[in-house]
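Written out below as structure tokens is the structure these notes cover.
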Amino acid sequence: MNKFTAKKIALITLLSVVLSFAIIRWHSVENVPFCHYSAGCAADANPKGDIKVTTYGYPLAYRQVEKFNPKNSNESAPNYAGFAEAKVEDPNFSPASAIANIIFWFALLHLLSGIIRPRGKLTPNKTVETPDSKLPAM
């Protein structure tokens, strides 16, 4: 293994670890009741609020956090219903998913690294004249 290949593999490994842990996705839903996962939950049930789901890792989630923030969570407000923010973490940190993400990113980056060439190693194409190339075309 030459020096360039060793540096390339080290860089790909570092980038795959960073991409595995740095990609965070989230989405939120507003004005939903807290019991939205329960069967028989009424749409007008209280408290209503916003749900934000944060997913860590790509393509597999090694960790997911779901937060419910009720609209009337201010204790000094006249419509305070006595509900605070709720947070659910599911699953807890999953090492298997984190390792699978690292392998995914390593394979993808290694495949794309085929377009990278070391500097100074490329030589222009030289044309070699053969006796047949001097003959006129018929």
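The values are calculated or read from the model by the stated rules, or taken from the named source; none is laboratory data. Values in this document were obtained by computation on a predicted structure and should not be read as measured data. Using ideal geometry, Cβ is built from the backbone for each residue, glycine included, and neighbour counts are taken over all protein chains shown.
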Q) Does the range 69-81 contain any residue that is closer than 29 Å to residue 33 by Cβ and either at pLDDT 90 or above or in a strand (DSSP E or B) (or both)? A) yes
Q. Just one of the numbered conditions (1) closer than 30 Å to residue 10 by Cα; (2) at pLDDT 70 or above is not true of residue 119; which one?
A. (2)
Q: Six or more apart or on different chains, Cβ under 7 Å: which pairs go from a residue in the range 1-27 that's more than 21 Å from residue 63 (Cα to Cα) to one that's in a helix (DSSP H, G or I) and modelled with pLDDT under 90? Could you list them?
A: 8/113; 12/113
